[in-house]
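The values are calculated or read from the model by the stated rules, or taken from the named source; none is laboratory data. Just so it is clear, the structure is predicted and the values come from calculations on it, not from any experiment. The accessibility values were calculated without ligands, DNA or RNA, using every heavy atom of the protein model including side chains. Shrake-Rupley method; radii C 1.70, N 1.55, O 1.52, S 1.80 Å.
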Amino acid sequence: MRRSSFSPEPDCAIAQSLGVIGDGWELLIVRDLARGLSRFDELAGSLHISRKVLTERLNGLLDSGIVERSAYQNRPTRYAYQLTPRGRALLPVLVALQDWGDRWLLGDGTLTGTNAPDEPPAQRLQELVGRQVPYVALRSTEGTTIDVVDAGARTTVLFGYPATGRPTPLPDGWSEIAGATGCTLENRLFAGRYDEFAAKRIAVRGVSTQRPDEQQAFARAEEIPHLLLSDVDLELAAALRLPTFRAGGYERLKRVVLLIDADRTVKAVRYPVTDIADAVTWALDG
């Protein structure tokens, strides 16, 4: 049995939560399920974990209602695993842990909206090249919920940005956070070359953790032609392990540009983004 000596306090939500997902393997399984890994062998290969331990942890997550499974093969029966709504509700916890680790364990504790090319978050993003983007549907400025990858486009440009500052004011000290400013300019530059992207059958989609109504107000005020997507529940951040920083009370995406093929394969990543205009040209030429 897992953690047989652990008896969580009955009236403490933190202790009760740790009784369910307090084991490191369980959190890493949730992480990999969010990334789109769904089969037992995929999880075992990613985690480098014994089949016995993986089975125990998956059974615990199934019993806790965090994971569900469905058969994709008979004789022998093999299962695919996925997060339930209860499991997906853990994604902001994972992203917060990643942010804390990036800043305080892998970094020097500095609050920053970007990273150097040789820092772990940048290396993690480069590892996305050649990998598949799992299906993630987010609320858009059209008022609909859509997949982050445009199936009808030759390429999807997906750029993450911290926040636009309209209509909601940016937090105090925002301009002092390295890499945080310039999001309105970024959207204007993509908007200014929208027809060129469309002529090449390249879809442009910006994503931030702002609310859909905030993004819609900004898109109307700035006449933004490309879609803006709202990752308020941090599903995309968790799926791609995008770097974030906490400012103004919640997680913000760091600025990154991804080029994704029609088959959902990431073909290029631009991070860190130090020159916004150059990054827009790079995306158009990619």
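Structure above, values below:
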quantity: Residues whose placed amide H lies under 5 Å from that of residue 246, excluding near-sequence neighbours; calculated: 252
quantity: Mean separation of Cα contacts under 8 Å (6+ apart) over length of region 132-283, as relative contact order %; calculated: 33 percent
quantity: Structure-derived mean projected area of the Cα convex hull in nm² - corresponding label in (1) 18.6; (2) 19.9; (3) 16.9; calculated: (3)
quantity: Most mobile of 106, 37, 259 in a GNM of the chain (Cα contacts under 10 Å); calculated: 106
quantity: Solvent exposure of the chain as accessible area per residue, Å², 1.4 Å probe; calculated: 49 Å²
quantity: Cα gyration tensor category, rounded, prolate or oblate, for region 1-116 with a/c compared to 1.5; calculated: oblate
quantity: Accessible surface of the chain, 1.4 Å probe, proportion on carbon and sulfur as whole %; calculated: 50 percent
quantity: Cut-off under 5 Å, modelled amide H: who pairs with residue 268 long-range; calculated: 259
quantity: For region 76-128 and region 172-190, distance of Cα centres in Å; calculated: 22 Å
quantity: Relative contact order for region 90-154, counting Cα pairs under 8 Å that sit 6 or more residues apart, in percent; calculated: 14 percent
quantity: Distance from region 200-265 to region 1-63 (C-alpha centre basis), Å; calculated: 29 Å
quantity: Highest-fluctuation residue, 264, 39, 252 considered, GNM on the chain with Cα pairs under 10 Å; calculated: 39
quantity: Computed over region 160-224: relative contact order in percent, which uses C-alpha pairs under 8 Å that are six or more apart; calculated: 49 percent
quantity: Most mobile listed residue (127, 235, 214) in the chain, GNM with C-alpha springs under 10 Å; calculated: 127
